[in-house]
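Reading through the structure tokens given below for one structure.
The values are calculated or read from the model by the stated rules, or taken from the named source; none is laboratory data. Since we're looking at a predicted model, the values are computed, not measured. All Cβ positions, even for glycine, are placed from backbone atoms using ideal geometry, and neighbour counts span all protein chains on display.
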Amino acid sequence: MNSETLKKTPLTEVCRASGGKMVPFAGYEMPVQFASTMDEHLAVRRGVGLFDVSHMGEVFVTGPDALKLLQHLTCNNVEKLKDGQIHYSGLMYPEGTFVDDLLVHRFNERKYLLCVNAANRDKDVRWILEHQTGDVQVEDASDRYAQIAVQGPKALETVQPLVDVDLSAIKYYWFAEGHVDGVPAIIARTGYTGEDGFELYTPNEPAPRIWQRLMETGRSFGVVPCGLAARNTLRLEAKMALYGNDIDRTTTVLEADLGWICKLQKEDFIGKAALLKQKEEGLRRKLVGFEMLDRGIARDHYPVFVDGRPFGHVTSGSYAPYLQKNIGLVYLPIEHTAVGTPFAVEIRGKQVAARVVETPFYKRNY
Amino acid sequence: MYSDDYLYTKEHEWVRVENGEATLGITHHAQEELGEIVFVELPEVGKVLAAGDTLGSVESVKAVSDVYAPVSGEVIAANDLLADKPELVNQEPHGGGWIARIRLSDKSELDSLMSADDYEAYLGEEKKH
């Protein structure tokens with residue numbers, strides 16, 4: 001795909017002008033890093049960072065039967081959501097595997113916003129429309145929204161001067177409708193970094209101005225613009241799954257160790273039968289976190305050996321800039337998933353020792 | 001930036017030859033492209049390499065970059081300091097961040113490497129693409 005066929009987000013040009021090294025990602029031209037992935041990662045752990053996440057998809061599901069449809073399509077229990085609350089969930093195939101992972105925002109009983117992966121947006125919308133029943137409307141609003149993620153322990157103080165709502169009143173995984181720099185916005189206390197933070201859904205046109213304003217209000221906290229590379233290492237330290245790497249059409253929500261978003265006691269939903277069966281029969285493999293014991297960085301797709309035999313590959317692997325360790329995620333046979341279990345990752349032809357560790361690798365303590 | 005006492009490769013390695021021994025590392029340009037280096041895989045001393053063989057690798061948070069032997073010969077030293085201080089490659093790419101030393105088996109191979117002027121011209125060409 002050449003740069004002419006790539007889509008731009010409302011912030012692509014701002015990112016380029018700020019020194020972003022631009023790459024194609026999910027059909028968009030996105031910054032992979034600005035000055036330094038390491039500095040960006042650490043700024044988010046210690047202060048605050050800004051991410052253009054406008055590529056993410058926004059899909060509204062509205063109408064009297066919206067709740068019913070989402071209960072049928074996703075594995076978490078949408079009935080439990082209160083107005084203004086958000087949860088992480090999975091859009092399920094009948095096999096209990098992932099069409100996508102997503103955030104479900106409840107405005108009220110008849111209005112929900114789904115935040116979905118950019119690369120899956122068209123597939124998700126098709127899937128939802130194929131299963132649409134009753135009085136419900138599905139709108140792909142992605143092209144109407146810019147999205148800025150403000151992440152880090154200083155995110156609240158960075159955003160607060162620009163908004164007309166009391167951010168301290170919004171709990172983690174809740175949202176409010178308000179204004180950012182005078183512009184109507186959805187202000188969600190969510191993120192993909194393992195830090196506190198906000199994801200601001202704004203109209204396209206004022207997004208570059210809001211970005212600049214956040215760079216100003218965050219200045220005393222050392223705010224930096226952050227690219228996809230830092231977003232990836234941050235989410236990996238927090239053991240947040242990446243669709244296409246750690247979860248996909250071949251991995252069930254239970255195998256992905258996401259049982260906490262899989263509410264098998266709720267009414268029937270797509271994938272429930274398969275997941276109940278898998279739970280009864282017992283898992284044969286599970287996603288675990290690991291760290292390298294010997295020297296070497298495990299990277300995505302590197303082959304894995306258990307007891308000397310090949311078993312799949314690393315789904316996500318990297319140097320962890322905050323932890324200063326080489327970490328990763330991998331599906332291992334269930335009998336090899338206990339913390340401490342040794343196995344090997346093949347790095348350029350050599351088997352290098354690794355072991356299963358507790359996750360998340362990083363947990364914020366505030 | 002690029003010393004006349006060194007020779008350079010298209011893969012962005014430098015070589016300094018003294019008494020039939022070639023000390024090598026990655027160039028300033030290469031380390032700048034990679035960003036912060038967090039891991040260096042060093043060659044084993046005693047290993048015999050042909051020019052173009054993979055000698056080791058240099059890794060940033062995001063990327064892995066192989067380091068190739070610019071010349072043929074036996075590895076007679078590796079910079080063990082890089083095991084604990086890979087950032088030396090960023091800080092002193094042409095000095096303290098050297099990666100390995102090879103005893104040349106065929107001095108004529110040096111003729112195919114670039115001079116500092118040639119390398120800078122090559123960098124200029126690469127930039128245009």
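Assorted remarks:
- In the stretch B:28-56, residue surrounded by the fewest Cβ atoms within 10 Å (Cβ to Cβ) [restricted to those that are more than 14 Å from chain A (Cβ to nearest Cβ) and touching a helix residue (DSSP H, G or I) at 6+ places or on another chain (Cβ under 8 Å)]: B:A51
- Scan of the stretch B:25-57 for residues that are in a strand (DSSP E or B) and under 29 Å from A:K325 (Cβ atoms), ordered by number: B:G25, B:I26, B:I37, B:V38, B:F39, B:V40, B:E41, B:T54, B:L55, B:G56, B:S57
- Of all residues in the stretch A:289-303, exactly one satisfies the criterion of being in a strand (DSSP E or B) and crowded, with 24+ Cβ neighbours inside 10 Å, namely A:F290.
Residue-wise test of (1) part of a loop (DSSP other than H, G, I, E, B); (2) out of contact with any strand residue (DSSP E or B) (no Cβ under 8 Å at 6 or more places or on another chain); (3) in contact (Cβ under 8 Å) with a residue 40 or more places away in the chain.
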{"site": "A:P10", "(1), (2), (3)": "yes, no, yes"}
{"site": "A:V14", "(1), (2), (3)": "no, no, yes"}
{"site": "A:M22", "(1), (2), (3)": "no, no, no"}
{"site": "A:R45", "(1), (2), (3)": "no, yes, yes"}
{"site": "A:V61", "(1), (2), (3)": "no, no, yes"}
{"site": "A:K68", "(1), (2), (3)": "no, yes, yes"}
{"site": "A:E79", "(1), (2), (3)": "no, yes, yes"}
{"site": "A:V99", "(1), (2), (3)": "no, no, yes"}
{"site": "A:R106", "(1), (2), (3)": "no, no, no"}
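- Pair list, Cβ < 9 Å and 6+ apart or interchain, from the stretch A:157-170 residues that are within 17 Å of A:P184 (Cβ to Cβ) to residues that are assigned to a helix (DSSP H, G or I) and of a type in the set (G, A, S): A:L167/A:A155
- For the stretch B:96-129, filtered to residues that are part of a helix (DSSP H, G or I) and among the aromatic types (F, W, Y), the residue that is nearest to B:V75 (Cα to Cα) is B:Y119.
- Sole exception among (1) touching a His at 6+ places or on another chain (Cβ under 8 Å); (2) modelled with pLDDT under 95 for B:A63, by number: (1)
- Each residue in the stretch B:62-84 was checked for being touching a strand residue (DSSP E or B) at 6+ places or on another chain (Cβ under 6 Å), within 12 Å of chain A (Cβ to nearest Cβ) and among the aliphatic types (A, V, I, L, M), and 3 of them qualify.
- Restricting B:E59, B:E87 to residues that are within 14 Å of chain A (Cβ to nearest Cβ) and touching a helix residue (DSSP H, G or I) at 6+ places or on another chain (Cβ under 9 Å) narrows the list to B:E59.
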